[in-house]
Amino acid sequence: MKTITKDVLIDAAHRLMFDMSSEEYDTLLEEFKILTKQMETIGKIEGLDDYEPMTFPFDCHTDVLREDIPETPLSTEEALKNAGSVMDNQIKLPKVVG
């Protein structure tokens, strides 16, 4: 597992095109240290691999689905009429990842 350092956090933030103050990076680094320590502690529990991972604590079954009724789709013009910026019949968004 890659060690998380302040430089790693700064690099990740720059790739996502945002920046934080030095104090915020220090706080985030401390949070990652706490999470890493907690994961190591959980990893020491004997027999943990004998259990199936849980995604939701309760059984949840959806047996009733709505009837699929075909409808006329929106025209391209109708779908794009409220878009702030359109290019080649697609919504144009600002770049968010470097």
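Summary of computed values
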{"read-out": "Of all accessible heavy-atom area on the chain, the percent that carbon and sulfur account for (1.4 Å)", "value": "56 percent"}
{"read-out": "With Cα atoms, 0 to 90° folded angle of helix 22-43 axis to the chain main axis", "value": "70 degrees"}
{"read-out": "Calculated [θ] (222 nm, deg cm²/dmol) that DSSP helices of n ≥ 4 give over the chain, each run adding -39,500 (n - 2.57)", "value": "-12000 deg cm²/dmol"}
{"read-out": "The chain: angle of helix 6-15 to the longest principal axis, Cα-based, in degrees nearest 10", "value": "10 degrees"}
{"read-out": "Set of lysines with alpha-carbon distance to residue 92 below 16 Å, sequence-local pairs under 8 removed", "value": "81"}
{"read-out": "Farthest positive-ward along the chain dipole, Cα basis, beta-carbon charges - from 80, 14, 62", "value": "14"}
{"read-out": "Dimensionless Rg ratio for the chain, taking C-alpha atoms and the 2.2 N^0.38 Å reference", "value": "1.86"}
{"read-out": "Accessible surface, the chain, averaged per residue in Å² (probe 1.4 Å)", "value": "99 Å²"}
{"read-out": "Neighbourhood charge, 15 Å Cβ-Cβ cut-off, centred on residue 19 and excluding it, Lys, Arg +1 and Asp, Glu -1", "value": "-3"}
{"read-out": "Burial ranking of peptide ranges 85-96, 54-65 (average Cβ count within 10 Å, highest at the top)", "value": "85-96, 54-65"}
{"read-out": "Relative contact order (%) - the chain, alpha-carbon pairs under 8 angstrom, separation at least six", "value": "32 percent"}
{"read-out": "Charge dipole magnitude, Cβ of K and R +1, D and E -1 - the chain, Cα centre, debye nearest 20", "value": "520 debye"}
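The values are calculated or read from the model by the stated rules, or taken from the named source; none is laboratory data. Just so we're clear, the structure is a prediction, and the values are computed from it rather than from any experiment. Ideal geometry is used to build each Cβ from the backbone, glycine not excepted, and the neighbour counts take in all protein chains shown. With ligands, DNA and RNA removed, areas are computed over all heavy atoms of the protein, side chains included. Shrake-Rupley method; radii C 1.70, N 1.55, O 1.52, S 1.80 Å.
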